[in-house]
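Taking it in order: structure first as structure tokens, then the write-up.
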Amino acid sequence: GEMSVVIFTDRRSGLILTIPLCLEQTSMDELSVTLDYLLSIPSEKCKARGFTVIVDGRKSQWNVVKTVVLMLQNVVPAEVSLVCVVKPDEFWDKKVTHFCFWKEKDRLGFEVILVSANKLTRYIEPCQLTEDFGGTLTYDHMDWLNKRLVFEKFTKESTSLLDELALINNGSDKGTQQEKERSIDLNFLPSVDPETVLQTGHELLSELQQRRFNGSDGGVSWSPMDDELLAQPQVMKLLDSLREQYTRYQEVCRQRSKRTQLEEIQQKVMQVVNWLEGPGSEQLRTQWGIGDSIRASQALQQKHEEIESQHSEWFAVYVELNQQIAALLNAGDEEDLVELKALQQQLSDVCYRQASQLEFRQNLLQAALEFHSVAQDLSQQLDGLLGMLCVDVAPADGASIQQTLKLLEEKLKSVDLGLQGLREKGQSLLDQISNQASWAYGKDVTIENKENVDHIQGVMEDMQLRKQRCEDMVDVRRLKMLQMVQLFKCEEDAAQAVEWLSELLDALLKTHIRLGDDAQETKVLLEKHRKFVDVAQSTYDYGRQLLQATVVLCQSLRCTSRSSGDTLPRLNRVWKQFTITSEERVHRLETAVAFHSSAEKILQECPEQPEAFNEMEQFDEIEAVGKSLLDRLTVPVVYPDGSEQYFGSPSDMASAAEHIREKMKLVSLKKQQLRQPEATTPES
């Protein structure tokens, strides 16, 4: 049942112990233990003021009540001054019970009275009695019990925690050597969370203070002895001690955490440094070649990227470590600054040195790739130029030769620029290789460097020789092509001379038709014709010279299979036709001059001089010349190949013949006039 030492006070300010008994069998052992526990709560000072015990027997048997009362002398200290047995209204024999306790008073050492519940106020103030006993005191036994359990749990946990924290805190104050030896002991954690215990204590203290100050206004009132029973000062003292030890513990944890963090950083730094100076550097030591082609350089670049990839993982660790070190440096614990800065410096030096080597190697390989790329392009250009030079020139005309020549010059210029670019790339690469020794970690790289240098110089020399050979061939080809241009020009001009001569012949046949109306005009025509023939002769001679030049050029070019074609035969044929035609024209003009001169002489002579015409032969001769000229006009010019050509059209010839006939008629008329006087003279 509920049994409590409620801190009620009797009229003598003593403690009131209430023992409620129930209908069920009461275990005396349990009761004894409970009494021991309850009596251990008040301080010795409180207990010295004595006890008033209320045994509530209203729901129990008399013999149980009697046993409990007898037991009190063994359990409760001698300060018990009065035992009030609250009796039921109708039970128990008053006489027997009263007599029994009266008889036992001396032996018991305290007075026992039987009293009804409503009569208890005679002995105890109503304000110190609960409603069960007709009092006004508000009391919740379960609430008191819960608070008591919280207090005891807090007391137990905080006391244990204080011991643990003291052990940890005192351990951390030992010397560094001892600390290292006992590091396992120092790393253990408190069995309970200090924050939780402190929180529990604060809540308990707050509850106690609130109840104390609220009093009956809060709905639940406690007696003035509560704070002694629930030990509010004890809670405050424990909390103060806890706070002090916990603050020290937090500092210990901080120091421990910082030390651990420092050790971890140091360990990680050494991991990074050891890898970079060990496997990382070894990887770079084995990579010295630059490759002898684009593909080889690309393969080396790929290998280098793999090495960079491995390094980048360690560089990421470096960045993270650097941030951690920077954060610790900002925290600014004096004793760690020197060590941290030394670690930071060591880590940075190694990482930057390795990063510089990686970058140097990457730049070297890129320069090598560019060199090989330029070399390959130049080689292809030289191959293309050589291919052009090896093909025999068989162009159709001078324009195509000029085009080919221009293309050759462009290719040669491109090769020249390519070689210049190769030299620049090669020199840049050689400069980088000469700096390579500074990264060698003391390793002799002369052999590797010599191989690289020899290769680069070899490539540049080979390209220079190939370019020189091509240049020489271009010079020869250029001369040959210029001669071919000249040849084509000569052939073209010779053909043009044939055309001009043909045009002169054509003009001679079609337009040189008139024979003149008199001797003077005909002589002018004859003089013009001679000049015309001079032009034709010059044209023919020019053509002959050009064709002679083509023969010389063909011999120079060794064009044995090439000839001037039909140009020379055509030239000779046209010239022959022109010569025949010209001779015919001269013959006709000369005949016309003779005809006109004779006719004009006869026609101009005076009829008063008949002696001039004594001979009629002159007239006959003029007629014969005239008739011969007319006959000549109707005859074509016959060429050696049997072909025929007429001067002008039939109407042109008819017109020319008409002028001759007109003159012949005049001469005939003159002849008749001269004959008439001769005939009539005898008649007169």
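Details
- Screening Arg514, Arg466 for residues that are touching a residue at least 12 places away in the same chain (Cβ under 8 Å), of a type in the set (Lys, Arg) and buried (at least 18 other Cβ atoms within 10 Å of the Cβ) leaves exactly one candidate, Arg466.
- The range 287-342: number of residues that are hydroxyl-bearing (Ser, Thr, Tyr) and in contact with a Phe, Trp or Tyr (Cβ under 9 Å, 6 or more places away or on another chain): 1
- Any hit, the range 336-347, residues being more than 27 Å from Gly278 (Cβ to Cβ) and either touching a Gly at 6+ places or on another chain (Cβ under 7 Å) or assigned to a helix (DSSP H, G or I) (or both): yes
- The listed residue being of a type outside the set (Phe, Trp, Tyr) and under 26 Å from the mean Cα position of the chain (by Cα), out of Ser348, Ser400, Ser373: Ser373
- Scanning the range 88-121 for residues that are open to solvent by less than 60 Å² (accessible area, probe 1.4 Å) and at pLDDT below 80 yields Trp92, Thr97, Cys100, Phe101, Glu104, Leu108, Gly109, Phe110.
- Among the residues making up the range 530-545, those that are surrounded by 18 or more Cβ atoms within 10 Å (Cβ to Cβ) and closer than 30 Å to Leu557 by Cα are Thr539, Tyr540, Gly543.
- When residues of the range 30-58 are limited to those that are under 16 Å from Cys84 (Cβ atoms) and part of a loop (DSSP other than H, G, I, E, B), the one most open to solvent (accessible area, probe 1.4 Å): Arg58
- Being part of a helix (DSSP H, G or I) and closer than 30 Å to Glu461 by Cα holds for only one residue in Leu365, Leu358, Leu329, and it is Leu365.
- Only one of the numbered conditions (1) modelled with pLDDT of 85 or more; (2) touching a Lys or Arg at 6+ places or on another chain (Cβ under 7 Å) is not met by Ser379, and that is (2).
- Cβ-Cβ under 6 Å pairs, at least 6 apart or on other chains, the range 61-80 side touching a residue at least 40 places away in the same chain (Cβ under 8 Å) and closer than 18 Å to Leu38 by Cβ, far side part of a helix (DSSP H, G or I) and of a type outside the set (Lys, Arg): Val75/Ser32; Val75/Leu35
- Glu527 being more than 20 Å from Ile660 (Cβ to Cβ), open to solvent by 80 Å² or more (accessible area, probe 1.4 Å) and modelled with pLDDT of 90 or more: yes
- Residue within the range 444-456 that is assigned to a loop (DSSP other than H, G, I, E, B), of a type outside the set (Gly, Ala, Ser) and under 60 Å from the mean Cα position of the chain (by Cα) present: yes
- Test for Ala342: is it free of Cβ contacts under 8 Å to residues at least 24 places away in the same chain, farther than 30 Å from Arg285 by Cα and not polar (S, T, N, Q): no
- The range 137-156 - residue that is open to solvent by less than 50 Å² (accessible area, probe 1.4 Å) and part of a helix (DSSP H, G or I) and, of those, farthest from Val192 (Cα to Cα): His141
- In the range 316-330, the condition of being open to solvent by 30 Å² or more (accessible area, probe 1.4 Å), farther than 30 Å from Pro279 by Cβ and out of contact with any Lys or Arg (no Cβ under 8 Å at 6 or more places or on another chain) is met by at least one residue.
- Filter pass, Asp472 being loosely packed, with under 13 Cβ neighbours inside 10 Å and at pLDDT 90 or above: yes
- Residue list for the range 475-490, filter: surrounded by fewer than 17 Cβ atoms within 10 Å (Cβ to Cβ) and of a type in the set (A, V, I, L, M): Val476, Leu479, Leu482
- Selection status of Asp493, of a type outside the set (Val, Ile, Thr) and open to solvent by 40 Å² or more (accessible area, probe 1.4 Å): no
- Extreme residue, most open to solvent (accessible area, probe 1.4 Å), among residues of the range 262-313 that are farther than 16 Å from Gln362 by Cα and among the hydrophobic types (A, V, I, L, M, F, W, C): Met270
The values are calculated or read from the model by the stated rules, or taken from the named source; none is laboratory data. Remember, predicted model here, so these are calculated numbers, not experimental data. No Cβ is skipped: glycine too gets one built from the backbone with ideal geometry, and neighbour counts run over all protein chains shown. These area figures cover heavy atoms from the full protein model, side chains too; ligands, DNA and RNA do not enter into them. Shrake-Rupley method; radii C 1.70, N 1.55, O 1.52, S 1.80 Å.
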